[in-house]
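Read through the structure below, which is laid out as structure tokens, and then see the notes.
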Amino acid sequence: MKLLCVIPFFFCESGFRVKDLDEQMNSTSAVPEDSASKDQEILSALQRPIEAIDYGTTGQLFDEIRDFLTQHPGLTTDSVLKLTFFVFAILFPEFAEIWPFASVVAPDPAGSSLLLRMLACVCSSPLQIGEISLNGILTLPPLLRPTLLVDQLSPNKELERVLRIMSRPGGRFLRRGKLWDLFFPTLVCTAEPLCDRWILDQAIQIVLTPTRSRLPRFDPQSLNDSSRELQGKLLRYREINLARVRNSHFDAPQFSSPMREIASMLGNSIVDAPLLQRCVLTVLEPQDQDVRTRRTDSLEAIVIEAALFLSHEVHRSQARVGEITTIVNGILRGRGETIELDPRAVGNTLRALGLFSRRLGRAGRGIRFSNENRRKIHALAWTYDVRSIQDNTDRCEFCVEAKSRFVDAPDRRK
């Protein structure tokens, strides 16, 4: 069966527009008397009854979703796989250890519009909006638990503010004396990459490439039929496998956090298909390497590298913050960076890493190389993938100890 189509979920049937969300929140007038009936009207428009349909096997359903998304010529094989895993994961948001979030970079507006309409076919309770704001989110009916599909031209501070609030499972937002749960599965499509690295590190990163191929045109009725069929099969998948997903313990100990948690979320949603679970590791490995590289080049990693270097000097029992700063700036120059840090910035970074400085007599402030601090420095070096740690594994007892902890016997959660 060739799958075709999608219904974009707008509010036109109920006379409600996404723009109205902000207008309602910012208005100082009294709440209209029929607000409850209007909320019910919105819910009815979004939560259309879907009949559960037998889906065969997990592999068969996965292939149907993948083949449907493959019809978009701007998606690479890896991007299609990531989106398909995302579709399965958002069926079980209550079991996710990390926010179900995908970031799509799509410089072609026609291509991104088509992709979002296609995703609305296979996402649970899809709500497609042109721009996201905190006021708008807070005016959603409280019973609505949508999958947000956000089509925003470029990232801005308001978008990043909302995404940061939404990215905390279990956290609630206090507004006007009320607690709001804003933990929704979300896909954001922008023409430019997100700038906030803290948010981006939690995202399944997808690129929609411009294409010279003609975008497919979908017949509305076929689109509607395919949407209901696919969502019906996904509904049955959730009904049958809810308990199994809750008790699943798929893990990727070779990945760094938060990629390990993302892989766990995607892998746990796949039932009775170990080959597909292993495919999660393959498609996420390049992104994990990118996270590790950026972490290695971060200011924290360079400060740790400087402290590690000094801790390996024979008979050295302490290091002033000024000494560490000199090493930090030398590393930065060696890597072609023009930035130069002062001791205060380095001291603040040490404090943020849990390496608290103390007064070292007339020498000024610094850190002592106690056994506890040496262990902490070596553990941080492995955590941040400090480059020089790989070359020192046999030099000291702390290197051997840290290597056995982080490399030879990685933690495997049960």
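So here's what we get for this one:
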{"item": "Hz values of 3J(HN,Hα) by residue in the range 151-157 - Karplus curve (6.51, -1.76, 1.60), Gly and Pro given as x", "result": "10, 10, 4, 8, x, 8, 5"}
{"item": "Ordering of 325-336, 354-365 by packing [mean C-beta count within 10 Å, highest first]", "result": "325-336, 354-365"}
{"item": "For the range 297-408, with +1 on Lys and Arg beta carbons and -1 on Asp and Glu, the positive-most of Gly364, Gln318, Cys396 along the dipole", "result": "Gly364"}
{"item": "By average C-beta atoms within 10 angstrom, highest first, the peptides 116-123, 223-230, 278-285", "result": "116-123, 223-230, 278-285"}
{"item": "Pair Asp219, Leu360: separation of 7 Å Cα→Cβ label points (nm)", "result": "7.8"}
{"item": "Pairwise label distance in nanometres, Arg375 with Arg164, each label 7 Å out on the Cα-Cβ vector", "result": "3.5"}
{"item": "Placed amide H near Trp99: partners under 5 Å, 5+ positions off or other chain", "result": "none"}
{"item": "Fewest-first ranking of Ile324, Ile367, Ile339, Ile50, using other Cβ atoms within 10 Å as the exposure measure", "result": "Ile339, Ile50, Ile367, Ile324"}
{"item": "Assigned charges on the beta-carbon of Lys, Arg, Asp, Glu; the range 297-408 dipole about Cα centre (debye)", "result": "620"}
{"item": "In sequence order, calculated HN-Hα J values of the range 238-243 (Karplus, 6.51, -1.76, 1.60; Hz; x Gly/Pro)", "result": "5, 4, 6, 10, 4, 5"}
{"item": "Amide H contacts under 5 Å for Leu355, placed H, 5+ residues apart", "result": "none"}
{"item": "Å³ per residue enclosed by the Cα convex hull of the range 297-408", "result": "97"}
{"item": "Stretchable slack from Arg212 to Glu94, in nm (0.36 nm times residue separation minus alpha-carbon distance)", "result": "38.5 nm"}
{"item": "Sequence-distant residues sharing a close amide H with Thr209 (under 5 Å, placed H)", "result": "Thr76"}
{"item": "Size of charge dipole - the range 73-154 - debye, nearest 20, with Cβ of Lys, Arg +1 and Asp, Glu -1, no other charges", "result": "140"}
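Here, each number is a calculation from the coordinates, and none is a lab measurement. Everything numeric in this text was worked out from a predicted model, so none of it was measured. Neighbour counts run over all protein chains shown; Cβ positions are idealised from the backbone, glycine included.
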